[in-house]
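Only one structure is covered here, and it is reproduced in the block below.
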Amino acid sequence: MLKRIVNIALVVVLMLAAGQSFAQALGQADKLVEVLKSDAPRDVKADALRQLAIVGTKDTVPVIAPLLVDEQLSHMARYALEPLADPSVDAALRDALAKAKGRPLVGVIGSLGVRKDVQAIAPLARFLTDADPDVAQAAARALGRIGTADAAKAIEGAIAGTPAGNQLAFCEGLFRIADTFAAAGQKDAAIAIFDNVRKLNSPLHQVRSAALRGAMLARQKDGIALLKESLAGKDAILFAAAAGTSREMPGADVTQALCDSLKGSSVDNQTVIFQALGRRKDPTALPTVLAIAKAGEKPLRLAAIACAAEIGDPSAAPALLELMGAADKDTASLAQECYASLPGKAIDDAVLAMFNGQDNNQRLRALDLIGRRRMIASLPAVIKAAGDADAAVRSSAIRKLGELAGPAELPALLDLLAKSEGGDVDAAAQAISAVCQQAEKPEECAAKVTPLLATATPPRKIAIVRILGSIGGDTSLNAIRGILKDAATPADVRTAAIRTLGNWKSVAAAPDLLNLAKSGTDNEKLLGLRSYLGMAGRAEIPGDQRLEMCRNTATLAQRPEEKKILLGALGNINSPDALPLIAPHIDDAATSNEAVAAAVSSAERVLQAKLAPAEAAKLVEALTKASAAAKQPQTAEKAKALLKRAQAAAKK
């Protein structure tokens, strides 16, 4: 018999592992009960109980009930019983109260609360004075879940004598009952509980806060008197609780009570009230709030401005607009930020009217607001302002175009670049680059940009080269190649073109840089070589390709600075073929330190993989030199350790 049951359990485990449920595995509750009666392992019984929570019936209760006192299976037994809608479950749980100890007892008490068993009130009340705080607290919470007047009386009768550590759980139970009464329309009963807890004058701030909140909300409109009383008091905890609770209380009378409490309050308390008013989003508070924003102390002005923004009513716009011109920079800046957050087309229209005015300071503020509010419809006006006579307005307008413009505005931006001078050239170029990077087909943007090269002045050509570099692609690359092939191209433009190739998004520009390193002017050779080696150091380029690039420049790198760039690239290449290129530089005093570091770095990468003897042998010379030349003891030890590994791999 035992062997058969064990076999059943094993089959169940296998089927569970295959993703099947117990209901599929066993088919019916009586087979699950059979598992519980057997000597099956604990985890198998736990799985059976889990399924009995779904398929169990009142007939399974007598088998599960004894497990309520089992230290290991009590939790799953309760899991199986709680969903069963049968009085026998409540009886089994009440019966277990006299037998269970420790954690199982706490769990059984909790289950009686979940099931709201009114017959358990008297038995549970006896546990309120239990010496085990976990048991006493569980009883209070369970009575709170049951939520009747008798349950409340039981907790209230014991709370005065309970240890301080239990008070929070007892109050939690009472609050739950009071909330149940309030939801059922039993207003007076709820108020009585909350007020009784308030009279405890608990040292726990969360108890005092929750009791006040409940008392205010349960009183509904009559809670305003309690709000005013708490806001006028000196208890900081109750003040904060009342202000916070006011957010949940509807009506202009509540807003007015908060506004009235601002008079005579400390700066800290007024700040708390402003936060409450902001979250209420009641525009009737704005006259009071904005009056303080204009004339209060600086901390209060700032809090009031933020409050007005959170209320979010457009009627605050005129006052915020006035405050944007305040002498205090913090006040003006916050007012501008808050003005930008106000909703509605009317605000957009007001910003545009400000922008179209004659006051350049106001126009600059308007440009900032246009950017903050993402006023795309204002782009024609901003494009026009990009040619404004005022340098500050013109520069700001161009920057805003970079933030707001899209591909549709590219022709206007290109025309702007063709006409720009001085610093506006770079600003226009940045705006064009930003627009082109948004485009679905950047190549099409490049095709529109390149024609400007034919007539551009050198500063504009440099800007265009940078734009093409930000776009990338064949069209841009060919245009830059054309610049470098043209003997008439000014030196500063050629330099910008070479630097742009060095930052190219792909290795497509590498051959051009290598060619410059070999056959350009002296300055171009140096710049081309350094740009080429910089590209060889990019981690996103495949290692074999970077290695080949390093080989291409092994004889070209003559200056110590160039050799160091080459070594930096080689040190990041995961290939045994990098070490022979590094080794000669270890003997050079000008590059020895960098070469040692590169040899150690590259060898460490290479030795992470299994190497053929011939490949490992390529590491030995460089590591031998590195271990001898290393000036830092730690580096020398590391080089020696890597050398031993390389020598061992070379002998296999």
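The values are calculated or read from the model by the stated rules, or taken from the named source; none is laboratory data. All values derive from a computational prediction rather than experimental measurement. As a convention, Cβ positions derive from the backbone with ideal geometry for all residues, glycine included, and neighbour counts pool all protein chains shown.
Restricted to the stretch 35-56, and to residues there that are outside any helix (DSSP H, G or I) and crowded, with 18+ Cβ neighbours inside 10 Å, the residue that is farthest from the chain's Cα centre (by Cα) is S38.
For every residue, the table says whether it meets (1) closer than 30 Å to L200 by Cα; (2) hydrophobic (A, V, I, L, M, F, W, C); (3) modelled with pLDDT under 95.
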| position | (1), (2), (3) |
| --- | --- |
| A92 | no, yes, no |
| D95 | no, no, no |
| P104 | no, no, no |
| R126 | yes, no, no |
| D134 | yes, no, no |
| G161 | yes, no, yes |
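Answer with yes or no whether Q430 is in contact (Cβ under 8 Å) with a residue 12 or more places away in the chain, polar (S, T, N, Q), assigned to a helix (DSSP H, G or I) and touching a Gly at 6+ places or on another chain (Cβ under 7 Å). Judged against the criteria, Q430 is a match.
Across the stretch 296-327, the qualifying residues are those that are under 27 Å from A397 (Cβ atoms) and outside any helix (DSSP H, G or I), and the one among them that is modelled with the lowest pLDDT is G325. How about the stretch 205-225: which of its residues are among the hydrophobic types (A, V, I, L, M, F, W, C) and surrounded by fewer than 15 Cβ atoms within 10 Å (Cβ to Cβ)? Within the stretch 205-225, just A225 meets the criteria.
Residue selection: L32 fails the criterion of being surrounded by 16 or more Cβ atoms within 10 Å (Cβ to Cβ) and either outside any helix (DSSP H, G or I) or at pLDDT below 50 (or both). Of everything listed in (1) over 22 Å from P458 (Cα atoms); (2) over 37 Å from the mean Cα position of the chain (by Cα); (3) among the basic types (K, R), the single unmet condition for R373 is (2). Filtering the stretch 195-205 for residues that are assigned to a helix (DSSP H, G or I), under 28 Å from F127 (Cβ atoms) and touching a Cys at 6+ places or on another chain (Cβ under 7 Å) leaves a non-empty set. Taken over the stretch 266-295, residues that are outside any helix (DSSP H, G or I) and either touching a Cys at 6+ places or on another chain (Cβ under 7 Å) or surrounded by 17 or more Cβ atoms within 10 Å (Cβ to Cβ) (or both) amount to 1. Restricting A463, A497, A479, A446 to residues that are more than 25 Å from R373 (Cα to Cα), touching a Cys at 6+ places or on another chain (Cβ under 8 Å) and touching a residue at least 24 places away in the same chain (Cβ under 8 Å) narrows the list to A446.
Within the stretch 177-204, the set of residues being surrounded by 15 or more Cβ atoms within 10 Å (Cβ to Cβ), closer than 15 Å to L238 by Cβ and not hydrophobic (A, V, I, L, M, F, W, C) comprises D195, R198, S202.
Using the structure shown, decide if L367 is in contact with a Ser or Thr (Cβ under 8 Å, 6 or more places away or on another chain) and under 30 Å from A350 (Cα atoms). Criteria met by L367. With respect to the conditions (1) crowded, with 18+ Cβ neighbours inside 10 Å; (2) closer than 21 Å to L416 by Cβ, A350 lacks only one, and its number is (2). Within the stretch 177-191, if we keep just the residues that are in a helix (DSSP H, G or I) and free of Cβ contacts under 8 Å to residues at least 12 places away in the same chain, the residue that is farthest from A138 (Cα to Cα) turns out to be D188. How many residues are aliphatic (A, V, I, L, M), over 22 Å from L410 (Cβ atoms), surrounded by 18 or more Cβ atoms within 10 Å (Cβ to Cβ) and more than 43 Å from the chain's Cα centre (by Cα) if we restrict to the stretch 468-509? Residues flagged as aliphatic (A, V, I, L, M), over 22 Å from L410 (Cβ atoms), surrounded by 18 or more Cβ atoms within 10 Å (Cβ to Cβ) and more than 43 Å from the chain's Cα centre (by Cα) within the stretch 468-509 amount to 2.
Is it the case that the stretch 619-634 has a residue that's charged (D, E, K, R) and either in contact with a Gly (Cβ under 9 Å, 6 or more places away or on another chain) or not in a helix (DSSP H, G or I) (or both)? Looking through the stretch 619-634, at least one residue is charged (D, E, K, R) and either in contact with a Gly (Cβ under 9 Å, 6 or more places away or on another chain) or not in a helix (DSSP H, G or I) (or both). Taking the stretch 117-155 as the range and being outside any helix (DSSP H, G or I) and either touching a Lys or Arg at 6+ places or on another chain (Cβ under 6 Å) or among the small types (G, A, S) (or both) as the test, the residues that pass are A131, G147. Considering R213, R208, R141, R219, the condition of being touching a residue at least 24 places away in the same chain (Cβ under 8 Å) and either under 20 Å from S111 (Cα atoms) or not charged (D, E, K, R) (or both) is satisfied by R141 alone. Is it the case that D59 is part of a helix (DSSP H, G or I), within 19 Å of D117 (Cα to Cα) and free of Cβ contacts under 8 Å to residues at least 40 places away in the same chain? For D59, the condition - part of a helix (DSSP H, G or I), within 19 Å of D117 (Cα to Cα) and free of Cβ contacts under 8 Å to residues at least 40 places away in the same chain - is not met. Within the option set L168, L124, being within 44 Å of the chain's Cα centre (by Cα) and of a type in the set (A, V, I, L, M) holds for one residue only, L168.
Can you find a residue that is within 14 Å of I582 (Cβ to Cβ), in contact (Cβ under 8 Å) with a residue 24 or more places away in the chain and surrounded by 15 or more Cβ atoms within 10 Å (Cβ to Cβ) anywhere in the stretch 611-618? There is at least one residue in the stretch 611-618 that is within 14 Å of I582 (Cβ to Cβ), in contact (Cβ under 8 Å) with a residue 24 or more places away in the chain and surrounded by 15 or more Cβ atoms within 10 Å (Cβ to Cβ). Tell me whether the stretch 76-92 contains one or more residues that are over 44 Å from the mean Cα position of the chain (by Cα), part of a helix (DSSP H, G or I) and charged (D, E, K, R). Among the residues of the stretch 76-92, at least one is over 44 Å from the mean Cα position of the chain (by Cα), part of a helix (DSSP H, G or I) and charged (D, E, K, R), which makes the answer yes. When the stretch 531-562 is limited to residues that are of a type in the set (S, T, Y) and surrounded by 14 or more Cβ atoms within 10 Å (Cβ to Cβ), the one that is farthest from D577 (Cα to Cα) turns out to be S531. Tallying residues that are closer than 19 Å to I471 by Cβ, surrounded by fewer than 24 Cβ atoms within 10 Å (Cβ to Cβ) and under 42 Å from the mean Cα position of the chain (by Cα) within the stretch 510-530 yields 1.
Scanning the stretch 627-652 for residues being touching a residue at least 24 places away in the same chain (Cβ under 8 Å), of a type in the set (G, A, S) and in contact with a Leu (Cβ under 7 Å, 6 or more places away or on another chain) gives a total of 3.
Hey, among A366, A332, A429, A408, which residue is over 30 Å from K294 (Cβ atoms) and either of a type in the set (S, T, Y) or surrounded by 15 or more Cβ atoms within 10 Å (Cβ to Cβ) (or both)? Only one candidate passes the filter, namely A429.
Among the residues of the stretch 157-176, those identified as surrounded by 17 or more Cβ atoms within 10 Å (Cβ to Cβ) and part of a helix (DSSP H, G or I) are A158, I159, N166, Q167, A169, F170, C171, E172, G173, L174, F175, R176.
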